[in-house]
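Undergrad: Quick one: this structure, given as C-alpha cells, is what I'll be asking you about.
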Amino acid sequence: MDRARVLLFGGGAAAAFLIVIFLFSGDDPKQPAAVHAAAAPGRPQPAPVKMQRKDAGSILPPGMDPARPTDCLIEPSQVIRVNSGVEGVIQAIYVDRGDAVRSGQVVAQLRSDVDRATAAAASARAANGYSVRAAASRAAYLASVKQRSEAIEKYLARDAVEEAQANARAADEERGAAAQNQRVAQLEYVQSQTVLAEKTVRSPISGIVTERAMSVGEYRGASASHILTIAKVDPLNVEVFAPIAQLNGVHVGDQVTILPEQPVGGKYLARIKIIDRVFDAASGTFGMRLELPNPGNRLPAGLRCRIDIKNIGIQGGT
C-alpha cells in the first residue's frame, strides 16, 4: 500500500513538472512541427514559415475593388409605343417587326370614310359666304332707313322712328352672328382635318419596329395601349454598373471603349453622358449612361458588354 502511494505521488510530481515546462516554453501547439523542434547544439535554426496572405481584392468590401470587372448593357436610346390619338378600326399596317422606319413615315392607317365626309361638310360651311353677305346687305339697308327716319323725325310718328332704329340694330347683330357662324364653321373644318390626320399613324422617330401589337380589322379603342413599338437604335444607350472605387476615374464627356459580348464582339467608342449621383450600396456600384453612335444600325441593341475604366480614350471630351 505504501509502495502504491509512493508511485502515485511520484507520477503526479512528474506530470506537474512537465506541465510547468510546457507553459514556460512559449511554443504554440498550432504552429508547424518545424517550429516546435528544439534546435540541436551546433545546428542552424530553420527559418520560420511565413503564412500566405489573402488577395487584397478578396477581402475588400463591395465596390472598393478597382480591378473588379465593369459590366454594361447596350440598349435602345428610345423605345416608343406608337398609337393613334383617335379611336377607329385599323384599315392597314404598312410595317412589320424588324422593319426599319424613318421619322414621319406612315406606318398604319385607320378607316376614315366618315371623317372625310365630316371634313367635306365642314369645309363647305366654312367657305359659304352667302349668309354673311346677305346679313351685311340687310344691315346696310336698315341702317340707311334709320338715317332717313332720323332726318325727317319731325315729320314722322315717334313709333316709326323707333322701329327703324330697332331694325337697324337687329340687322347689325345678325351680321355679326353670320360672321361668327362662319368662323365656327372654319374651326370645325380645322378640327375635322385634325381628326382625319390622326387616322394616319406616322412614326415619330427613325428606328426599328420591335412589336406589332394590333392587326388589320381590330378596333383601336380607349383600352388599346399601342399599335406598334419602335426602338431608336442610332444612337444607342450603354447602361454601365461600375464599382464605386472607379468613380474618380470617369468624367462626363469621356470616351470609353465598349466591348460587346460574343458573337458580335468588336470595339466601339461611346461617350459618357450621365454619371449617377445616387449609388447602390448593396452591390457597391454606381450607374453611368453612355451614348454609342450606331450609323446604319450595324450594332444590335440588347447586348451585354464590358468596359475598361482604366483605358479611357479622351479625358474631359465634349
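The values are calculated or read from the model by the stated rules, or taken from the named source; none is laboratory data. Since this is a predicted model, take the numbers as computed values, not measurements. Cβ coordinates were reconstructed from backbone atoms using ideal geometry, including for glycine residues, and neighbour counts include every protein chain displayed. Protein only, heavy atoms only, side chains kept; ligands, DNA and RNA dropped before computing areas. Shrake-Rupley method; radii C 1.70, N 1.55, O 1.52, S 1.80 Å.
Undergrad: Run the numbers for residue 151 and residue 86: contour at 0.36 nm per residue of separation, minus the present Cα-Cα distance, in nm.
TA: Stretched out fully, the residue 151 to residue 86 stretch lengthens by 17.4 nm.
Undergrad: Sticking with this structure for a sec: In the range 73-228, carbon and sulfur make up what percent of the accessible area (probe 1.4 Å)?
TA: 49
Undergrad: Once both labels are modelled 7 Å past Cα along the beta-carbon direction, what's the residue 308-residue 133 spacing in nm?
TA: 8.2
Undergrad: Give, as a single signed number, the net charge of other residues whose beta carbon lies under 15 Å from the beta carbon of residue 238, with Lys and Arg counted +1 and Asp and Glu -1.
TA: -2
Undergrad: Starting from 0.36 nm per residue, how many nanometres of slack lie between residue 181 and residue 106 once their C-alpha separation is accounted for?
TA: Extending this stretch completely gives an extra 23.5 nm.
Undergrad: Using just the C-alpha positions of the range 159-317 as equal point scatterers, what log10 of I(q)/I(0) does the Debye formula give at each q in 0.09, 0.15 1/Å?
TA: Evaluating at q = 0.09, 0.15 Å⁻¹ gives log10 I(q)/I(0) of -0.57, -0.94.
Undergrad: OK, next. Working out 0.36 nm times the residue gap between residue 251 and residue 200, then minus their Cα-Cα distance, what length gain in nm do you get to one decimal?
TA: Result for the pair: 13.9 nm of gain on full extension.
Undergrad: At 25 °C and 0.890 mPa s, grab the translational diffusion coefficient of the range 192-260 from Stokes-Einstein with a Kirkwood Rh over Cα pairs, rounded to a whole number in µm² per second.
TA: Here the translational diffusion coefficient equals 147 µm²/s.
Undergrad: Would you compute the Debye intensity of the range 104-194 from its alpha-carbon atoms alone, equal scatterers and no solvent, and pass along log10 I(q)/I(0) at q = 0.10 Å⁻¹ to two decimals?
TA: -0.45
Undergrad: From the alpha carbon gyration tensor of the range 240-311, can you work out the equivalent ellipsoid semi-axes (sqrt of 5 times each eigenvalue) and give them in Å, largest to smallest?
TA: 23, 13, 11
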